[in-house]
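Comments concern the structure below.
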Amino acid sequence: MARDSSIPPESFDEILAWLNPDRDVAGSIYVQLREDLTKIFTWNRCADPEGLTDEVFDRVAKKVHHLKDSYVGDPKLYFYGVARNLIKEIPKKVKMQTSLQGTEPASDPRRELEQETAMMREDCLRSCLQKLRKDKRELILEYYAKDKQAKIDHRTEMAERLGITVETLRVKAYRIRATLEQCIERCLERMAQNK
Amino acid sequence: MKEEPVSDALLRQLLLGQVDDQERQRLESMFVTGALSRERVIAAEQHLLDDFLDDSLTPADRERFLAQYGETPAEQRKLRIAKSIQDWAASGAAVTAAGAAAGSRWSRLRARFRLQPVFMIPIAAVIVLAIVFAVIALRSRWEQRNRYLAMEQELARLNTPSMLRDVPSTMPPLTLRPGAVRSAEAETELTPPANAQFVELHLVWTQKERYPSYHATIRKIDEEQRYTVRDLQLDNSNTIQFRVPAHYLTRGLYQIEVNGIGADGTTGPAEEYQFQVNK
C-alpha cells in the first residue's frame, strides 16, 4: 500500500494495526480516513489539504507505539483531534487573484496561461471521456446536459429511469466527475511537460 | 447520548462554512466516524457544485462557495474542469435530443403497425422494396446529415461560455451591424487567415429590448443548409459574440439571423446580419 508521507514503515504498520487488526480492512480504513481528513481541511479553508493530511499521519506515527495501548475509543477520532489542532495552528489559505470568470485583460500573463490551458483542457476532456466506460460516459454527459429548471426535472427523470434516488445519482455523478478530473489533471500535466 | 439528526440544510451550511465551531466539530466528528454518511456529504457537495455551475446560488452563497472551493489554484482548476464537463455535455444536448426524437418517431410507427397485424406483411414488403431502391439516396443523405450534426456540434462547442471566455481568437473580431440585407450598403467583407480555426463575429444588437438569451442561425445565401446556435448572450456593449469554424466559410455571401429568446421561451423579432467571404 502506498504511503504519501514520510512515516517509517514500522510506524505505518502500527497505525494500520491500530485502525483494525485485519490488515486489508485497516488499509481501506486508512484510505478512507485520508480522504475524510482532506475534506475536513478543505471545509476549514486550509491551503494544501493533502499536505496537512500527511502531517496528521506523521504526527500520529510518532506516538502510535504508545497510543495503540493507551487510547480508548475510536482511533479515527484521535486523528481528527490532531487535524483540529493543525487547523488552529496554520493560517487560512491565501486568496488567489486568478478569476474564474476570466475577466482580466488578455495581456495579463496569468490570463494567457489560462487561455492556453482552456484549449488543452478541452483536448484532455475529450480524450478522458473516451477512456470512460460507455455507461459512465453517457451518465455524466446526460447528467450535465440540461441546466436550470430543466435540469431538476431531467435528473429526476434520469434517477427514476435508473431506479435510484436523485441523491444516489448525484453521488454517481460525483464519482465519475472525480475520475474525469484526475484523468484531466494527469493529461494536463503530461501536456505541460511535453511543451 | 443520542446524536441529533443532520438535515440537508445543516449539511449545506457546513459545506458553505456557515456553522459555528462547536457545531462544526460535532458534524466533522460524525463524518470521520461514519455516523454522518459519506454518501450524503458527497451528494450535498455535488448538489452545491451543480447549483454553482448553474448560477443558481444567491450572491452571498456563491461568494461563500468560492471561498470554500475556489480559492487555491488546485480548487480553481477543479472548478474549471467541472465547468468544462458541463459545457461539453450541454453542447451535445441538441444532437442527443435530435437522436431521441428520431427514435420516438420510429417507435410510434412500430407501435402503429403492431396494432394492425393484418397489414404487416404487405407493408413490410413495400418497406423492403423502398429500402432497396432508396439505399444510394439514403447513404448520401446520411452522410449529409452526419456532416450537418458534426457542424452543429462544432458550432455549439465553439460558442460555449467557457470557450468564448477562455479561448482567444487568433484574428481580430469582425463587427457586423444589422440591416445590411435590407439596405443598399456594401456587405462587410471577411478574409479568414489560412491558419485560423474559427472566425469571431461581433453582432451589434440594436433593439431596445434585451433578452435572457439569443439564438443565431447562419446560412450561406443560395444554400438551404442552416445552422442554429442557442443560448448566446448579449454583453454590456450590446454585442453578441458568435464564432464560426473557418472551414465552413468558403467564398460567398452569408446571412445570420438573431432572435432574442424571452424567459418564457417566446421568440422576439429577428435581426439580420450579412457578410461576404473572400477566399
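The values are calculated or read from the model by the stated rules, or taken from the named source; none is laboratory data. Everything numeric here is computed off the predicted structure, so don't read it as measured data. FYI the Cβ positions are ideal-geometry reconstructions off the backbone, even for glycines, and counts take in every protein chain you see. Side chains are part of the model used for accessible areas, which takes the heavy atoms of the whole protein and leaves out ligands, DNA and RNA. Shrake-Rupley method; radii C 1.70, N 1.55, O 1.52, S 1.80 Å.
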Can you give the local net charge around A:LEU33? Use residues other than it whose beta-carbon is closer than 11 angstrom to its beta-carbon, Lys and Arg +1, Asp and Glu -1.
0
Any idea of the total accessible area buried by the A-B contact, 1.4 Å probe, rounded to 100 Å²?
5500 Å²
Kindly provide the chymotrypsin sites (Phe, Trp or Tyr not before Pro) of region B:124-163 that DSSP labels as loop, not H, G, I, E or B, and whose Cβ sees at most 15 other Cβ atoms within 10 Å.
none
Summed residue charge, Cβ within 12 Å of B:GLU257's Cβ, Lys/Arg positive, Asp/Glu negative
0
Relative contact order of region A:121-191: what whole-number percent is it, with Cα pairs under 8 angstrom and at least 6 residues apart?
48 percent
Tell me, what ³J(HN,Hα) does each residue in region B:7-12 have, in order and in whole Hz, if you take phi through Karplus 6.51 cos²θ - 1.76 cosθ + 1.60 with θ = phi - 60° and put x for Gly and Pro?
7, 4, 5, 5, 4, 5
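In region B:176-279, which GluC sites (Glu not before Pro) fall in coil by DSSP and have 12 or fewer other Cβ atoms within 10 Å?
Within region B:176-279, the qualifying GluC sites (Glu not before Pro) (loop, at most 12 other Cβ atoms within 10 Å) are B:GLU185, B:GLU209, B:GLU223, B:GLU224.
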List the residues, sorted by chain then number, that are 5 or more residues from B:VAL199 or on another chain and whose placed amide H is less than 5 Å from its amide H.
B:VAL244, B:ALA246
Chymotrypsin sites (Phe, Trp or Tyr not before Pro) within region A:17-77: which are DSSP loop residues with at most 14 other Cβ atoms inside 10 Å?
A:TYR71
Over what distance in Å are the Cα centres of region B:210-258 and region A:6-72 separated?
57 Å
Heavy-atom accessible area per residue - region A:1-84, 1.4 Å, Å²:
47 Å²
The rounded separation in angstrom of the Cα centers of region B:55-69 and region B:124-178 is 37 Å
